[in-house]
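Student: Sharing a structure here in structure tokens format.
Values quoted throughout were computed directly from the atomic coordinates according to the rules given, and no laboratory measurement underlies them. This structure is a prediction, so every number in the text was calculated from the model and none was measured. Backbone-built Cβ (ideal geometry, glycine too); neighbour counts: all protein chains shown.
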Amino acid sequence: MTTEEGIVVRTYDFRETSLIIDLITPISGKKRILAKGARDPVRGYTGIFLPTNNVIVNYYSGKNISLLSHAELRDFFPLLRGDFLRYAFALSFLELVYILLAPLERNFYSFSLQTIRFLDEQKRLDYLLLSSFVWFKLLNFSGFYPYLEGCLCCGKESKIFFYSVDKGGLICEECRKKINQPHLMVIDSETLGGLRGMKKLDFSLLSKWKINLMSKFKIKEIMKAHLLYRIEKKPPSLQFWEAVENLLL
Ligand SMILES: [Zn+2]
């Protein structure tokens, strides 16, 4: 039997009273577990396996799916759960982690838990910055971080760059003409500074990050485009989050 902690990403009802649970865990990465009788109102685990909850599970590993033996709630996040925006953001974030997660990349788990805690503890949230930051981190962990050191064709530094999602980073004016991509987004110096500053950013610095609104939007659009290029298909929870976010603007 294996004991692991995990974060609940989502659950599916299965047969009369069972539940299938998708978890993000520090050791196994993505973990799908069948919990027999979990929806039984008396003996079940109905309150434990709610998305975003931090749990401890004991399970038997099976060929296709593991079988739950016992579960405990380690942490649930009341502020996050009670706030529609925070919860919608958290669901889309966890689903992205689940899609991008590489089994040997341990940073995914601790970063996921940090993000959920941040969403639960922070009084005010700037979703534009927060989404750029967490997407940037996820791209980094999965080895698809954008190239921001200089032009990715000629290596030169420039005051104005363009951003190519399919090339994965910055391109200078001259190289843009050569590769014939006329519709690339212009990256001005403030946006460039913001993009480069993201590398050193962590949750404690997020609220202190000063950047103008236009650059904030640009950085978010770049990170989103990069992310979508990587995952190919937009997950439903991200679509939902975007719809919610549009109501805010
Ligand atoms: Zn160049």
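Student: So for the chain, averaging the separation of alpha carbon pairs under 8 Å that are six or more residues apart and normalising by length, what relative contact order in percent results?
Tutor: On the way: 384 pairs, mean separation 37.8, N = 249.
Across the chain, relative contact order equals 15 percent.
Student: Let me ask another. Which trypsin sites (Lys or Arg not before Pro) from region 158-243 combine a DSSP loop assignment with at most 13 other Cβ atoms within 10 Å?
Tutor: For trypsin sites (Lys or Arg not before Pro) across region 158-243 that sit outside H, G, I, E and B with at most 13 neighbouring Cβ atoms in 10 Å, the list reads Lys159, Lys208, Lys210, Lys233.
Student: Sticking with this structure for a sec: Report, by chain and number, residues whose modeled amide H sits under 5 Å from the one on Val165, excluding near sequence neighbours (fewer than 5 apart, same chain).
Tutor: HN-HN under 5 Å from Val165: empty list.
Student: For region 205-249, run through the GluC sites (Glu not before Pro) and keep only the ones in DSSP coil with at most 13 other Cβ atoms within 10 Å of their Cβ.
Tutor: Taking region 205-249 and a limit of 13 other Cβ atoms within 10 Å, the loop GluC sites (Glu not before Pro) found are Glu232.
Student: Something else: Pull up the DSSP beta bridges for region 127-249 and report the antiparallel fraction as a percent, rounded to 5. List each step's numbers first, then the result.
Tutor: Values: 7 of 8 bridges.
Bridges in region 127-249 that DSSP calls antiparallel: roughly 90 percent.
Student: Taking Cα pairs under 8 Å and at least six residues apart, what relative contact order does region 2-76 come out at, in percent? Before the final figure, lay out the partial values.
Tutor: Values: 177 pairs, mean separation 23.2, N = 75.
Here the relative contact order equals 31 percent.
Student: A further question follows. Can you give me the C-alpha center-to-center distance between region 91-115 and region 1-54, rounded to a whole angstrom?
Tutor: Spelled out, the Cα-based centre of one part sits 17 Å from the other.
Student: Also, I was wondering about something else. In degrees between 0 and 90, to the nearest 10, how far off the longest principal axis of the chain does helix 84-100 point, with axes built from Cα atoms?
Tutor: Taking Cα atoms only, the helix is inclined about 80 degrees.
Student: Stick to Cα atoms and the Kirkwood definition of Rh, then tell me Rg/Rh for the chain.
Tutor: Reported Rg/Rh (Cα atoms, Kirkwood Rh): 1.04.
Student: If we count other beta carbons within 10 Å of each Cβ, what is the order of Lys156, Lys234, Lys123, fewest first?
Tutor: In order of increasing Cβ crowding within 10 Å: Lys123, Lys156, Lys234.
Student: Using Cα positions and a limit of under 18 Å, work out the lysines in reach of Lys159, with same-chain residues fewer than 8 apart set aside.
Tutor: Lys177, Lys218
Student: Please arrange Val42, Val186 by counting, for each residue, the other beta carbons lying within 10 Å of its beta carbon, fewest first.
Tutor: The fewest-first ordering by Cβ neighbours comes to Val42, Val186.
Student: Okay, next question. Show the residues, 5+ positions off or on another chain, whose built amide H is closer than 5 Å to the amide H of Arg10.
Tutor: Asp22
Student: Fewest first, what order do Ser189, Ser164, Ser215 take by the number of other Cβ atoms within 10 Å?
Tutor: Ser189, Ser215, Ser164
Student: Let me ask something additional. Excluding Ile179 itself, calculate the net charge of residues whose Cβ lies under 13 Å from the Cβ of Ile179, where each Lys or Arg counts +1 and each Asp or Glu counts -1.
Tutor: Net local charge, Ile179 excluded: +1.
Student: Shape of region 2-76 from its Cα gyration tensor (a ≥ b ≥ c, root eigenvalues): rounded if a/c is under 1.5, otherwise prolate when a/b > b/c, or oblate?
Tutor: Cα axes put region 2-76 in the oblate bin.
Student: Any chance you could give the angle, 0 to 90 degrees and rounded to 10, that helix 127-141 forms with the longest Cα principal axis of the chain?
Tutor: 80
Student: On to the next question. What GluC sites (Glu not before Pro) in region 1-89 are in a loop by DSSP, with at most 12 other Cβ atoms within 10 Å of the Cβ? Intermediate values should be presented prior to the final figure.
Tutor: Numbers: sites: Glu4, Glu5, Glu16, Glu72; in loops: Glu16.
Answer by residue number: Glu16.
Student: Looking at the square roots a ≥ b ≥ c of the eigenvalues of the Cα gyration tensor of region 99-143, which shape do they give, rounded for a/c under 1.5, prolate if a/b is larger than b/c, or oblate? Show your work: numbers first, answer last.
Tutor: Values: a/c = 3.58, a/b = 1.67, b/c = 2.14.
It is oblate, given that a/c is not under 1.5 and a/b is not larger than b/c.
Student: What number comes out for the charge environment of Phe77, summing +1 per Lys or Arg and -1 per Asp or Glu over other residues with Cβ under 12 Å away?
Tutor: 0
Student: Note down the net charge around Tyr12, summing +1 for each Lys or Arg and -1 for each Asp or Glu among other residues with Cβ under 12 Å from its Cβ. Numbers along the way, then the final one.
Tutor: On the way: positive: Arg10, Arg15, Arg32, Arg39; negative: Asp13, Asp22.
My count for the surroundings of Tyr12 gives +2.
Student: Could you work out how far helix 107-121 tilts from the main Cα principal axis of the chain, as a 0 to 90 degree angle to the nearest 10?
Tutor: The two axes meet at around 80 degrees.
Student: With the cut-off at 18 Å, tell me which of the pairs Lys156/Lys220; Lys199/Lys220; Lys30/Lys199; Lys167/Lys234; Lys167/Lys224; Lys30/Lys220 have Cα atoms farther apart than that. Spell out each step's value before the answer.
Tutor: Working: Lys156/Lys220 25 Å; Lys199/Lys220 15 Å; Lys30/Lys199 26 Å; Lys167/Lys234 20 Å; Lys167/Lys224 15 Å; Lys30/Lys220 27 Å.
In this structure, Lys156/Lys220; Lys30/Lys199; Lys167/Lys234; Lys30/Lys220 lie more than 18 Å apart at Cα.
Student: How large is the dipole of region 1-159 about the Cα centre if only Lys and Arg carry +1 and Asp and Glu carry -1, each at its Cβ, rounded to the nearest 20 debye?
Tutor: Value, rounded to 20: 160 debye.
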